[in-house]
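**Q** Handing you this structure, nothing more for now.
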Amino acid sequence: MVNKSITVLGSTGSLGTQTLDVIAHTQGAKVAALAARRDIGTLEGQIKAFKPDIAAVEDEASALELKRRLGAARTEILSGREGVLAVSGYAGADLVVNCLVGAAGLEPTLAALDAGHDIALANKESLVTAGELVMAKARGKGLRILPVDGEHSAVFQCLCGNENNEVRRIILTASGGPFRGYGKERLEKVTAADALNHPVWNMGKRITIDSATLMNKGFEVIEAVWMFGIPLENVDVLVHPQGIVHSMVEFADSAVMAQLSAPDMRLPIQYAINYPKRLAGPAKKLDFAMLKELSFEAPDEDAFPCLRLAREAFRAGGTAPAVLNAVDEEAVRFFLEGRISFTNIPKLIENVLMAYTVKNVKSVDIVLEADRWAREYAARGLELLN
């Protein structure tokens, strides 16, 4: 049993709905607050089921409609960006699970930390765009950032009990997405429908495309550097198409520890919510008798250059990763809208990064300005690709 009041940011998305499924199966856990962008149909059902104290809808017109639908319900409904930030810092929560997608999750992460909350972090962009700021704030307040990404949860679990042992390297695994084994010429012809057909995971559209380009794994490399305090050169990536080994840690004596489980995001969610305990939940059990093989291979960074671009952005430092994330969001949107080809995603990203003058990350405002610049330049750079 775990006695926690939990805020879920991005509650209507894939990870948010899975988080609420875990909470429903966790004795003693309750929902303190919810936040969503505009999906009030799903949010209305969640409010009726979990009865949070407050909820926020970023889209103000949708928030008004939700208030009308709920009538005299006891849940207070907030609206706009200010409402989401108020929910992020809501004092009635013990833990904030940030499932927001993209750079929009950064300010809520900082608001939750300012309010003194531990965070179960699924919003990798918080660390990609402003890892220095986020980790410094968490350390300064003595707060935990618990990983919800399957790969980082795996590393975190492997490190538990090994805090005094020297880590030689972290090995993040990648499924390889739907285009594993494709060369450049074949990738030129793939469609958005092809890219959204992930062989292992059921995720939102942006992260599914990022998985196909390997940019998601590039983001996870950056995230691992900040979260675990390990040099970039000590974070490796291996393609593991079965999605059973979620990541590994190699120690100084050459021993390697791995975390294995069925490909089900509810397991890292329930580990973060219940930490430091391991409690039963809805996650699928792993049936070893059904496993035919566990295979690994090096990623093809020639055909999938986004992994290289992520490392280069981190080495450039400062606001370069924030620009990387912003232009990737835009490039993925352009691809889904049929405005660029799959192989033009990394080309657009590289063009924007080359045009940018890196700034030091002294405040969140500098990060947000870099984000805005990248999106505007990406729109202009789109014309040069066509």
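The values are calculated or read from the model by the stated rules, or taken from the named source; none is laboratory data. These numbers come from a predicted model, not from an experiment. Don't worry about glycine lacking a Cβ; one is built from the backbone with ideal geometry, like all the others, and counts go over all protein chains shown. SASA here: full protein model, heavy atoms, side chains in, ligands and nucleic acids out. Shrake-Rupley method; radii C 1.70, N 1.55, O 1.52, S 1.80 Å.
**Q** Being closer than 15 Å to C306 by Cα and either over 21 Å from the mean Cα position of the chain (by Cα) or open to solvent by less than 10 Å² (accessible area, probe 1.4 Å) (or both) is the requirement here; does T213 meet it?
**A** When the stated conditions are applied, T213 passes them.
**Q** Another question, then. Quick one: which of L279, L238 is open to solvent by 20 Å² or more (accessible area, probe 1.4 Å) and modelled with pLDDT under 95?
**A** Residue meeting the stated conditions: L279.
**Q** Mind listing just one residue for me: the one in region 184-235 that is outside any helix (DSSP H, G or I) and farther than 21 Å from N123 by Cα and, of those, modelled with the lowest pLDDT? Working first, answer last.
**A** Taking region 184-235 as the starting set, the residues that turn out to be outside any helix (DSSP H, G or I) are 188-191, 196-204, 214, 229-231, 235.
Next cut, farther than 21 Å from N123 by Cα only: 188-191, 197, 199, 231.
Working: E188: 93, K189: 93, V190: 94, T191: 93, N197: 87, P199: 77, P231: 97.
My answer is P199.
**Q** Would you please name the residue that is farthest from L187 (Cα to Cα), looking only at residues in region 328-380 that are of a type in the set (K, R) and open to solvent by 60 Å² or more (accessible area, probe 1.4 Å)?
**A** The qualifying residue farthest from L187 (Cα to Cα) is K362.
**Q** Give me the pairs: first residue in region 327-343 and closer than 13 Å to L196 by Cα, second residue open to solvent by less than 40 Å² (accessible area, probe 1.4 Å) and part of a loop (DSSP other than H, G, I, E, B), beta-carbon distance under 7 Å, and six or more apart or on different chains, which are they?
**A** If the second residue must be open to solvent by less than 40 Å² (accessible area, probe 1.4 Å) and part of a loop (DSSP other than H, G, I, E, B), the pairs left are F335/F342; F342/V190.
**Q** Just need a number here: residues in region 74-123 that are open to solvent by less than 10 Å² (accessible area, probe 1.4 Å), of a type outside the set (G, A, S) and out of contact with any strand residue (DSSP E or B) (no Cβ under 9 Å at 6 or more places or on another chain).
**A** Within region 74-123, residues that are open to solvent by less than 10 Å² (accessible area, probe 1.4 Å), of a type outside the set (G, A, S) and out of contact with any strand residue (DSSP E or B) (no Cβ under 9 Å at 6 or more places or on another chain) number 1.
**Q** Just give me the residues in region 300-313 being out of contact with any Leu (no Cβ under 6 Å at 6 or more places or on another chain) and either of a type outside the set (A, V, I, L, M) or under 17 Å from G181 (Cβ atoms) (or both), in sequence order.
**A** Within region 300-313, D300, D302, A303, P305, R308, R311, E312 meet the criteria.
**Q** Turning to a different aspect of this structure: If you scan region 175-206, which residues turn out to be β-branched (V, I, T) and open to solvent by 50 Å² or more (accessible area, probe 1.4 Å)?
**A** Passing the criteria: only T191.
**Q** Being over 26 Å from L232 (Cβ atoms), open to solvent by 70 Å² or more (accessible area, probe 1.4 Å) and in contact (Cβ under 8 Å) with a residue 24 or more places away in the chain is the filter here, so list the residues in region 288-326 that pass it.
**A** E293, L294
**Q** Name the residue that is most open to solvent (accessible area, probe 1.4 Å), counting only residues in region 241-269 that are assigned to a loop (DSSP other than H, G, I, E, B) and in contact with a strand residue (DSSP E or B) (Cβ under 6 Å, 6 or more places away or on another chain).
**A** If we take residues in region 241-269 being assigned to a loop (DSSP other than H, G, I, E, B) and in contact with a strand residue (DSSP E or B) (Cβ under 6 Å, 6 or more places away or on another chain), then A252 is most open to solvent (accessible area, probe 1.4 Å).
**Q** Which of the residues spanning region 254-265 are out of contact with any His (no Cβ under 6 Å at 6 or more places or on another chain) and either in contact (Cβ under 8 Å) with a residue 60 or more places away in the chain or among the aliphatic types (A, V, I, L, M) (or both)?
**A** Selection gives S254, A255, V256, M257, A258, L260, A262, P263, M265.
**Q** Looking only at region 41-73, filter to residues that are in contact (Cβ under 8 Å) with a residue 24 or more places away in the chain and more than 25 Å from K4 (Cα to Cα); which one of those is most open to solvent (accessible area, probe 1.4 Å)?
**A** Step by step, filter region 41-73, then rank; the result is R69.
**Q** Evaluate region 81-93: report whether one residue or more is of a type outside the set (D, E, K, R) and over 23 Å from the mean Cα position of the chain (by Cα).
**A** Checked against the condition, which is being of a type outside the set (D, E, K, R) and over 23 Å from the mean Cα position of the chain (by Cα), region 81-93 yields at least one hit.
**Q** Taking the condition closer than 26 Å to A212 by Cα, among the polar types (S, T, N, Q) and modelled with pLDDT under 95, does Q259 pass?
**A** no
**Q** Considering E166, E151, which residue is under 15 Å from the mean Cα position of the chain (by Cα), charged (D, E, K, R), on the phi < 0 side of the Ramachandran plot and open to solvent by 10 Å² or more (accessible area, probe 1.4 Å)?
**A** Answer to the selection: E151.
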